[in-house]
Amino acid sequence: MKKLMMLTAFAVPVFLASCGGNQKSAETADSSATPSTETTTETAPEAATNKVEIVANDQMKFDLSEIRVKAGEEVTLTLRNVGTMSKEAMGHNFVLLAPGTDVTAFGNEAMTHKATEYIPAGNKAVIVHTKLLGPSESDTITFTVEKGEYEFICSFPGHYASMRGKLIAE
Ligand code: ZN
């Protein structure tokens, strides 16, 4: 009786370990996951919508890395900052950049424009931008873009490296 219990107790960790580390079971999991991955890929190109909500957080992330909109039609975009850190420490904005913009160069320039909330005045790369948002704030902007691929970033110092994505107008 005692021996049986010990065996059972022993068998469980071994099973878990082989499950996590065994190459074969990992491959099995992969191949069985493939069909669902394909399904996800097929449904991924979501219909372009011109009503967009994008969320920014304290982890220096946007919740969207790709936005698809209809070209030539007005887009309404709302940025929400769901973070709790102060605007001075973790402010966020949404800046849509003209195609071909050097994002790194722009980001480096933008961070020197604190007085204008990190938007370099008169910079032609900026198509449209929201206000710089503190915790629990939101801002809605409207704009119309031609067909093409655009990049968007948060221009708060240091954020553009992780807070950036693509807006595709089709
Ligand atoms: Zn930010």
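Computed from the coordinates by the stated procedures, all read-outs in this text should not be read as laboratory data. Owing to the predicted nature of the structure, the values given are computational and were not obtained by experimental measurement. Don't worry about glycine lacking a Cβ; one is built from the backbone with ideal geometry, like all the others, and counts go over all protein chains shown.
See the values below:
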item: Distance violations [Cα-Cα > 20 Å] among LYS70/LYS166; LYS51/LYS147; LYS51/LYS114; LYS114/LYS147; result: LYS51/LYS114; LYS114/LYS147
item: Charge sum, other residues only, whose C-beta stays under 10 Å from LEU133's C-beta, Lys/Arg counted +1 and Asp/Glu -1; result: 0
item: Proximal charge balance of HIS159 [Cβ under 12 Å; K/R count +1, D/E count -1]; result: +1
item: Radius of gyration and maximum dimension Dmax of region 60-170, Cα, Å; result: 13.0, 37
item: Fewest-first sequence of SER155, SER65, SER138 by Cβ atoms within 10 Å of each Cβ; result: SER65, SER138, SER155
